[in-house]
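Quick notes on the structure that follows.
The values are calculated or read from the model by the stated rules, or taken from the named source; none is laboratory data. Computed from a predicted model, the values in this text were never measured in an experiment. No Cβ is skipped: glycine too gets one built from the backbone with ideal geometry, and neighbour counts run over all protein chains shown. Areas reflect the complete protein model, heavy atoms only, side chains present, ligands, DNA and RNA absent. Shrake-Rupley method; radii C 1.70, N 1.55, O 1.52, S 1.80 Å.
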Amino acid sequence: MSEIIKVLKGTKDILPQDVDMWQFTEKKAWEVFSKYGFKEIRTPIIEVTELFARGVGDTTDIVNKEMYSFEKSDRSITLRPENTAGVVRSYIENGMSRLSAPVKLWYKGAMFRYERPQAGRQRQFHQVGVEMFGIKQPAADAEVILMAVNFLKSLGLCDLEVEINSLGCPKCREEFKTKLKSVLKPYYNDLCEDCQNRYEKNPLRLLDCKVEDCKKIFEKPEVQAVINSDFICEECAQHYNELKTYLDRANIKYVENKLLVRGLDYYNRTVFEIKSNNLGSQNAVCGGGRYDNLVEQLGGESTPAVGFAMGMERLISLLDKKEAAKLDCFIVSNNTQEAFILAEELRNMGYTTEMDLSNKKFTKQLEKASKVANYAVILGEDEINAGVVSVKNLSTGEQKTVKREYIMEIL
Ligand code: ATP
Ligand code: MG
């Protein structure tokens, strides 16, 4: 025998017994997002590498370490590590700015990041996400957060925490960056290597560090004083306050977290995450925020935007496992030819139906039926001759014989 080939590290098969949960989640996404006027968009999994370098930002871990890139005909191509950049590219390329604002889009699909695989972290994983273009007012941020919460509720997940923060605008953030750098300067040598790199390139992202020694430095009183200072300008503060009023009025509970900065470069003003305490250390199911400069950065007209992405594996791991759905009917018959025709009639009536294809004994067929179906449709020689079938309800044991054309009245 040849050696077996295994799935790549950090990737997983989604097996038939788990697919129900995926379909359930995707259907709910469609139902809930449609209610708010969002339309699905499907963009390619491969894009030119430059899209992510410019869109996600070349100071991020994603672009620096995690992209699956390859050369083809002298072009550098990348498997998408996230889908906001792709959706923005499509928005610009297809002239969606001519549509009346807001343009509301949602997507689902596989993303690829070369990360260290661990619980809650894969190299191929799936996201469902939304983007709303054209509205700068905080009502848009609030609608997107409300919709995320309602989607999670529709899946039966209520025990989640919403965290919010405002990163201000590029102007007010500049001053904060300078202050943060100067207060952290004495500790520079104690910071982890990643943080030392971020120190010059993107000091805000230091606050996102998960390394314990770095976290301890951020807890120092003088560093806390800078983190907790109200650095955002008046306009940004007003935007943030209005957002909170919307969330209060919609009864969305949230926690303000000054350390929440998000891993991607494109955010400004609102950022948010939704976390679950039942997920261990990879506890974020949803991350999002406002990115008013990205469309312009990728060559479009300046357009405000806000969105989020959720990790589907993490979401699905929180759901109660559903029992696999049973078939409506399993046909029990020793006449395979007749059963074959009846099975197709039942399917045409809309019932999920299987039959025995391999001439097993009648009793074996009945056993199988009771495992996989809600009804056994029995077609013995007597039934065939009389033009009837016997329908057995496999949970109550009740059995009725009817003419074939009346079968719908029992099932
Ligand atoms: P994290 O801090 O967990 O790495 P992130 O900031 O990199 O998250 P985003 O890029 O905003 O995450 O993606 C949004 C969501 O996608 C995350 O909240 C998470 O649920 C999910 N996600 C991100 N990376 C992975 C991964 N490697 N495997 C599984 N899910 C992921
Ligand atoms: Mg990450």
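Using Cα atoms only, what is the angle between the long axis of helix 336-348 and the major principal axis of the chain, expressed in degrees (0 to 90) to the nearest 10? Approximately 50 degrees, to the nearest ten.
At full extension, ASP20 and LYS210 could sit 65.0 nm farther apart than now, given 0.36 nm per residue minus the alpha carbon distance. Across segment 327-410, the mean sequence separation of Cα contacts (distance under 8 Å, 6 or more residues apart), normalised by length, yields a relative contact order of 30 percent. Counting other Cβ atoms within 10 Å, keep those with at most 11, restrict to DSSP loop, and tell me which trypsin sites (Lys or Arg not before Pro) in segment 156-226 are left. Those that pass, being in a loop and sparsely packed, are LYS210. Over segment 1-41, accessible surface divided per residue gives 81 Å², non-protein components excluded, 1.4 Å probe.
Where Lys and Arg each count +1 and Asp and Glu each count -1, what net charge lies around ILE77 among other residues with Cβ under 9 Å from its Cβ? Combined, the nearby Lys, Arg, Asp and Glu give 0. For segment 255-374, the solvent-accessible area works out to 49 Å² per residue, with a probe of 1.4 Å and every protein chain left in place. Each of ASN283 and LEU319 was given a label point 7 Å from its Cα along the Cα-to-Cβ line. The distance between the two points is 2.4 nm. Take the chain and mark each of the GluC sites (Glu not before Pro) that is in a DSSP loop with at most 16 other Cβ atoms within 10 Å; the longest unmarked stretch, sites excluded, is 4-114.
Find how many whole Å separate the alpha carbon centroid of segment 85-120 from the alpha carbon centroid of segment 121-150. Centre-to-centre (Cα) distance: 11 Å.
Entry comment: accessible area of segment 173-226 is 59 Å² per residue, from protein heavy atoms only and a probe of 1.4 Å. Taking a ≥ b ≥ c as the square roots of the eigenvalues of the alpha-carbon gyration tensor, segment 327-410 is classed rounded because a/c is under 1.5. Each of GLN297, VAL391, SER154 was placed along the dipole of the chain (beta-carbon charges, centred on the mean Cα), and the one lying farthest toward the positive end is GLN297. Annotation: amide H of ARG262 has no partner in the under-5 Å range at sequence separation 5 or more or interchain, hydrogens built in the peptide plane.
Bridge orientation summary for segment 310-397: considering DSSP beta bridges with both residues in this region, about 35 percent are antiparallel.
The string of couplings for segment 15-32 from the Karplus curve (6.51, -1.76, 1.60, θ = phi - 60°) is 7, x, 5, 9, 5, 3, 5, 5, 5, 4, 5, 5, 5, 4, 4, 4, 4, 5 Hz, one whole number per residue in order, with x for Gly and Pro. Estimated from helical segments only, the mean residue ellipticity of the chain at 222 nm is -11000 deg cm²/dmol, where each DSSP H run of four or more residues counts as -39500 (n - 2.57). Here the accessible area of the chain is 49 percent carbon and sulfur, with a 1.4 angstrom probe and all protein chains present.
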